[in-house]
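The values are calculated or read from the model by the stated rules, or taken from the named source; none is laboratory data. A quick note: this is a predicted structure, and the numbers were derived from the prediction, not measured. Remember, those area values only see protein heavy atoms, side chains included, never the ligands or the DNA or RNA. Shrake-Rupley method; radii C 1.70, N 1.55, O 1.52, S 1.80 Å.
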Amino acid sequence: MTVAVALLTTALVTIVALLAATAAGKLARMDGASYPTALTRAATAFAAVITLAAAVAGALATLLD
């Protein structure tokens, strides 16, 4: 059961990160940025969401031990 919850949580975080990256790239293009700049902003948003999720998971793991 724990493995299933971990896999579902990982999938959810990945989907949220992809949605945030897509939105950041789309907003950058709407703002007039070039494709490489929009891709860079999307990658930055994706990395930020993944980093934030890892930080929250680490903090919760420390509190729950």
Scan (i) 48; (ii) 55; (iii) 36 for the value of percent of Cα pairs over 18 Å apart calculated from this model and give just the label.
-> (i)
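Starting from 0.36 nm per residue, how many nanometres of slack lie between Ala54 and Met30 once their C-alpha separation is accounted for? Walk me through the numbers before you get to the answer.
Values: separation 24, 0.36 × 24 = 8.64 nm, distance 3.02 nm.
Working it through step by step, the gained length comes to 5.6 nm.
Using a 1.4 Å probe over the heavy atoms of the protein chains, calculate the carbon and sulfur portion of the accessible area of the chain as a whole percent.
On the way: 3820 of 4930 Å².
Roughly 77 percent of what the probe reaches on the chain is carbon or sulfur.
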Counting only protein heavy atoms and leaving out ligands, DNA and RNA, the solvent-accessible surface of Val5 at a 1.4 Å probe, in Å² to the nearest 10, equals 80 Å²
Helix axis angle, 2-30 relative to the chain longest principal axis, alpha carbon, degrees = 20 degrees
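Send over a whole-number figure in Å² for the accessible area per residue of the range 1-55, probe 1.4 Å. Before the final figure, lay out the partial values.
Details: 4010 Å² over 55 residues.
Result: 73 Å² per residue.
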How far is helix 35-64 tilted, in degrees, relative to the longest principal axis of the Cα atoms in the chain, given as a value from 0 to 90 rounded to the nearest 10?
-> 20 degrees
